[in-house]
Amino acid sequence: MSGIAISKSTPARSRGCIGWTSTVCIPGTARSCWRTPAGISGKRTTASAGWSCHRIYRRRERRSALEGTDLIMEALWDKNDFIGLDRSSWFFCGAEAPVHRKVLEAVTEYMLARSTGPGGRERNAETEWACKTNLARLFGGQAESVALMSNSSEAISMVAQALPMRPGDNVVINNLEFPSGVLPWLALKRQGVEVRVAKHSNWGMETDAILDLVDERTRLVMTSHVSYLSGTRIDYVKLYDELRKTNALMLLDATQSLGVVPVDIRHTDILVCSSYKWLLSTHGAGILALNPGRSEELVPTYVGWRSVAGVPGGDRFASYAVHADARRFELGYPSYPTVYALERATRLLLETGIDRIERHVLALGAQLIERLSSLGLQVMTPDIPARRAGNISFARGDAERIADRLAARNVYVMGGDERVRASIHAFNDSADIRRLVNLLTVEIE
């Protein structure tokens with residue numbers, strides 16, 4: 001990180017700061033400013049001195065600049081661009097995203113396009129292609145590699161049914177998976193398929209724990225990139241590098257990561273994701289993306305008119321040929337209101353930049369982890385930046401009660417599974433963190 005500059009000190013206001021503050025700005029992140037505590041200032045502003053300058057603000061030398069927990073961070077996005085964020089602190093993206101006003105406009109655009117007759121269908125096709133292109137850019141793939149299902153549960157189930165299996169084959173999952181990543185594989189037991197479950201260690205999933213269960217009969221390994229439960233981020237690149245030495249395919253569930261941290265389809269065979277969480281869209285789309293390298297053996301059990309590339313011999317009542325790419329999993333039209341919303345939402349993510357969002361989220365996460373720990377709470381999410389993303393969880397037997405109490409104060413977290421989860425995105429800021437921690441201080445007494 002070079003080229004960090006110190007702006008002219010300005011009076012602190014409306015963010016709970018006392019006195020004057022200095023702002024540390026990272027080039028290319030004009031709306032993401034980190035303010036230092038009052039009374040501390042930096043003098044070096046050149047690019048070569050930028051890193052040293054930023055070190056001035058660290059109270060703990062062991063933490064990197066990205067984890068400066070004493071810095072006051074402003075949101076990357078204007079809260080007023082989201083409906084309701086002017087009166088709430090939203091830590092709920094792991095379950096539902098707030099509504100961006102341009103996403104709402106996009107849904108209206110669909111309804112207006114539909115009213116134009118044949119022209120509306122042309123607009124639908126154009127928007128769908130733009131949506132797939134945006135999604136592909138988010139994970140480094142091609143638009144042809146993307147299929148739009150109704151939800152990620154459907155996508156995983158269709159992959160499970162498309163995988164050629166014989167009695168005695170096995171699949172490997174882990175005990176940090178959401179039910180949508182468990183049930184489709186349990187259904188394969190009827191075919192004599194064994195389901196092996198890797199166990200987490202201190203709420204983290206180590207790649208070795210998964211690889212220890214893989215053998216010559218393993219057909220597929222599924223893991224979430226980021227756990228919905230603990231917030232732990234797995235080293236999926238390392239896992240895939242090892243699995244490529246075997247016959248096992250890898251399915252990566254990026255529902256809790258795509259849109260907030262980098263994801264690369266080159267390091268998995270199959271990728272799935274939901275539309276309505278970190279991608280800021282609505283319900284109605286499950287993203288299925290295929291890496292063409294090793295996913296060709298997947299043969300869909302279910303076929304629809306959009307799956308078909310042609311009719312050999314010209315007799316559609318005799319045979320058919322499915323698309324070679326991800327479209328072979330698409331049965332019919334997707335939910336176009338969702339497609340319009342998703343296209344606009346992913347455009348916003350790309351305009352902001354995933355690397356920039358990740359830096360913002362990791363820094364705010366470090367602030368929250370430190371403050372939760374200072375309250376004596378058992379934080380389940382690692383403090384190491386590479387091992388987490390936007391979800392920060394802490395163990396709590398009365399998680400539902402706490403979530404309900406906070407919601408009554410317009411602070412939205414997820415409570416369940418004996419843990420409270422706060423999901424941090426680009427619209428969050430340090431004021432949100434303070435508000436959450438202040439309320440938790442009261443609720444845990």
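The values are calculated or read from the model by the stated rules, or taken from the named source; none is laboratory data. Keep in mind it's a predicted model, so treat the numbers as computed, not measured. Because the Cβ atoms are built from the backbone with ideal geometry, glycine has one as well, and the counts that use them run over all protein chains shown.
Taking the range 385-409 as the range and being in a loop (DSSP other than H, G, I, E, B), in contact with a strand residue (DSSP E or B) (Cβ under 9 Å, 6 or more places away or on another chain) and not basic (Lys, Arg) as the test, the residues that pass are ALA389, GLY390, ASP398. The sole residue among ARG327, ARG266 that is in the same structural domain as ASN134 (by TED's automatic domain parsing) and either over 28 Å from the mean Cα position of the chain (by Cα) or surrounded by fewer than 18 Cβ atoms within 10 Å (Cβ to Cβ) (or both) is ARG266.
List the pairs whose first member sits in the range 417-439 and is assigned to a loop (DSSP other than H, G, I, E, B), whose second member is modelled with pLDDT under 95, and whose Cβ atoms are under 6 Å apart, counting only residues at least 6 apart or on separate chains? Here the result reads ASP429/MET73, each pair linking the range 417-439 to a residue that is modelled with pLDDT under 95.
Would you confirm, using the coordinates I've provided, whether SER319 is in a loop (DSSP other than H, G, I, E, B) and crowded, with 18+ Cβ neighbours inside 10 Å? So SER319 fails the test. The set of residues in the range 243-254 that are farther than 8 Å from HIS225 by Cβ and either outside the structural domain of LYS277 (by TED's automatic domain parsing) or not charged (D, E, K, R) (or both) comprises LEU243, THR246, ASN247, ALA248, LEU249, MET250, LEU251.
Just to check your reading of the model, which residue among THR255, THR223 is closer than 23 Å to SER275 by Cα, of a type outside the set (Asp, Glu) and in a loop (DSSP other than H, G, I, E, B)? Walk me through how you get there before you give the answer.
Numbers: THR223 fails: in a loop (DSSP other than H, G, I, E, B).
Every option except THR255 fails the conditions.
Would it be correct to say that ASN175 is over 19 Å from SER274 (Cα atoms) and either at pLDDT 95 or above or among the charged types (D, E, K, R) (or both)? So ASN175 passes the test.
Of the candidates ASN410, ASN428, ASN391, the single residue that is surrounded by fewer than 22 Cβ atoms within 10 Å (Cβ to Cβ) and either out of contact with any helix residue (DSSP H, G or I) (no Cβ under 7 Å at 6 or more places or on another chain) or polar (S, T, N, Q) (or both) is ASN410. Restricting VAL226, VAL214, VAL260, VAL221 to those that are within 19 Å of GLU296 (Cα to Cα), surrounded by 20 or more Cβ atoms within 10 Å (Cβ to Cβ), of a type in the set (Val, Ile, Thr) and not assigned by TED's automatic domain parsing to the domain that holds PHE427 reduces the list to VAL221. Screening ARG316, ARG396 for residues that are outside the structural domain of LYS277 (by TED's automatic domain parsing) and basic (Lys, Arg) leaves exactly one candidate, ARG396.
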